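Below is one structure, written out as structure tokens, with a few remarks after it.
The values are calculated or read from the model by the stated rules, or taken from the named source; none is laboratory data. Since this is a predicted model, take the numbers as computed values, not measurements. A quick note on method: Cβ atoms are made from the backbone with ideal geometry, for glycine too, and the neighbour counts reach across all protein chains shown.
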Amino acid sequence: MNHWRTYHAQWEKLGPPLRPSAEVVAGIRSLVGSADGRVFLLGVTPELAGMFPELLAMDKNPAMIANLWPGDTGSKKAIAGDWLEIRQPAGSFAAIVGDGSLNNIAHTADIARLLGLVLGLLRPGGRFACRLFERPARPFTVQHLMKVAWSPAPINFHAFKWQLAMLIGAEEGASVPVARILERFEQLFPDRDGLSERTGWPRQAIDTIDIYRGSPVVYSFPNRAEFLGCIPAAAGGVEFHPCGGYDLAACCPILTFVKRPD
């Protein structure tokens, strides 16, 4: 079963890096500016939904909309759909924003396709801003993960889980099936009680990884060069902004670019 159907039930158990911190929200707001006009939100991240007075959000999972979207208003609306099949007029958005949205695309070719659509949807001068989960230039190793897991942990479990996913991405390619994250975790750390005792991670937090069991979903964890290869050549002002001091923040920059005036 697609784990996104039940992911909303885990939302309140999550924190940074899986949810945007206040620093990230402020960073995206600062980079986008006032965004005078309609904004398109890739997903229904609650922390971003309240940032703009006019907003259209899209998420492919109706359960996420039903459980996390704060509700439609006269100027805000959420619709179900695939980002790769957006049907909106060209140049109709002052800004397009997201949080981890590009990592929810399974393949870098489709990330490039989406960013091409994004550029077309922006009006001239409009800005794109999205936090990324970026595989580091110096890959995580099994030895690093074992070191983290064999003493009081310096990071939370969700940051550790993303380090594991990025390790798989470095070894096997940027596209990472979530079921593979669980499989590799169980191979490396079969004793969850022992892991909890050594690291201080609550067993409840560790067990959230079980949501991936049997899920066909594939995430992607590109590195900086791979992300850059996905950005349309016509995009202007491409930048990667560090933001925040939460666990794994060094791997979570905000990518931004602008649609050049015609």
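Listing for the model above:
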{"quantity": "Which listed residue, of 52, 128, is assigned to a loop (DSSP other than H, G, I, E, B) and buried (at least 21 other Cβ atoms within 10 Å of the Cβ)", "calculated": "52"}
{"quantity": "Residue 44 in a helix (DSSP H, G or I) and either at pLDDT below 95 or closer than 30 Å to residue 202 by Cβ (or both)", "calculated": "no"}
{"quantity": "Test for residue 23: is it free of Cβ contacts under 8 Å to residues at least 60 places away in the same chain and among the charged types (D, E, K, R)", "calculated": "no"}
{"quantity": "Total residues in region 119-153, condition without any contact (Cβ under 8 Å) to a residue 40 or more places away in the chain, more than 24 Å from residue 45 (Cα to Cα) and over 21 Å from the mean Cα position of the chain (by Cα)", "calculated": "4"}
{"quantity": "Qualifying residues in region 114-125 (those that are of a type outside the set (A, V, I, L, M) and touching a strand residue (DSSP E or B) at 6+ places or on another chain (Cβ under 8 Å)) - the one surrounded by the fewest Cβ atoms within 10 Å (Cβ to Cβ)", "calculated": "124"}
{"quantity": "Residue that is surrounded by the most Cβ atoms within 10 Å (Cβ to Cβ), among those in region 176-218 that are out of contact with any Gly (no Cβ under 8 Å at 6 or more places or on another chain) and in a strand (DSSP E or B)", "calculated": "177"}
{"quantity": "Flag if residue 159 is in the same structural domain as residue 59 (by TED's automatic domain parsing), hydrophobic (A, V, I, L, M, F, W, C) and closer than 30 Å to residue 58 by Cβ", "calculated": "no"}
{"quantity": "Among residues of region 72-117, those that are of a type in the set (Gly, Ala, Ser) and within 14 Å of residue 41 (Cα to Cα), counted", "calculated": "10"}
{"quantity": "Residue that is surrounded by the fewest Cβ atoms within 10 Å (Cβ to Cβ), among those in region 21-45 that are in contact with a Lys or Arg (Cβ under 8 Å, 6 or more places away or on another chain) and under 20 Å from residue 119 (Cα atoms)", "calculated": "33"}
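Results for (1) surrounded by 21 or more Cβ atoms within 10 Å (Cβ to Cβ); (2) part of a strand (DSSP E or B); (3) under 18 Å from the mean Cα position of the chain (by Cα); (4) touching a residue at least 12 places away in the same chain (Cβ under 8 Å), shown as yes or no for each residue.
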position: 79; (1), (2), (3), (4): no, yes, no, yes
position: 88; (1), (2), (3), (4): no, no, no, yes
position: 91; (1), (2), (3), (4): no, no, no, yes
position: 96; (1), (2), (3), (4): yes, yes, yes, yes
position: 106; (1), (2), (3), (4): no, no, yes, yes
position: 112; (1), (2), (3), (4): no, no, yes, yes
